[in-house]
Every structure is written in structure tokens, then in C-alpha cells.
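Only the coordinates and a few stated rules stand behind these numbers; no lab work does. Please read all numbers here as calculations on a predicted model, not as lab measurements.
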Amino acid sequence: MVEARDFYVCGVPGMVVETKDELRDIGAPEDRIHSEGWEDDAVTDESSVSK
């Protein structure tokens with residue numbers, strides 16, 4: 001019953017993004033998934049760096 005729980009995710013950016021995706025996949029409501037908020041930008045910035 002994930003709908004009635006709050007989830008607090010903390011860690012390296014890639015792990016946080018993947019964990020939040022997994023939580024959504026199992027039905028966790030977006031308003032119950034909590035994180036610092038910087039990880040999405042950090043992952044996007046890392047992936048846009050030219051090599």
C-alpha cells in the first residue's frame with residue numbers, strides 16, 4: 001500500500017532519479033516522494049557535457 005506512505009530519497013543524483021522513477025512505477029503518488037530537488041538538473045547537466 002504505497003499510496004499511504006511518504007518516501008524520502010537521498011543520495012547521488014543518478015540513484016535519486018532512478019529511485020523516484022521506480023517509486024512512481026509501483027504507484028507512489030508524486031506528492032509523497034520527497035527529495036532535495038537538485039538531482040534532476042544534475043543528471044541533465046552531466047548528460048549534456050560534450051565528450
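Values as computed for the structure displayed
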read-out: Computed lengthening from Phe7 to Glu30, 0.36 nm per intervening residue step minus Cα-Cα distance; value: 7.3 nm
read-out: From phi via Karplus (6.51, -1.76, 1.60), per-residue ³J(HN,Hα) for the stretch 7-15 in Hz, x at Gly/Pro; value: 10, 10, 10, 9, x, 5, x, x, 5
read-out: Under-5 Å amide H pairs with Phe7, H placed in peptide plane, nonlocal only; value: Ile33, His34
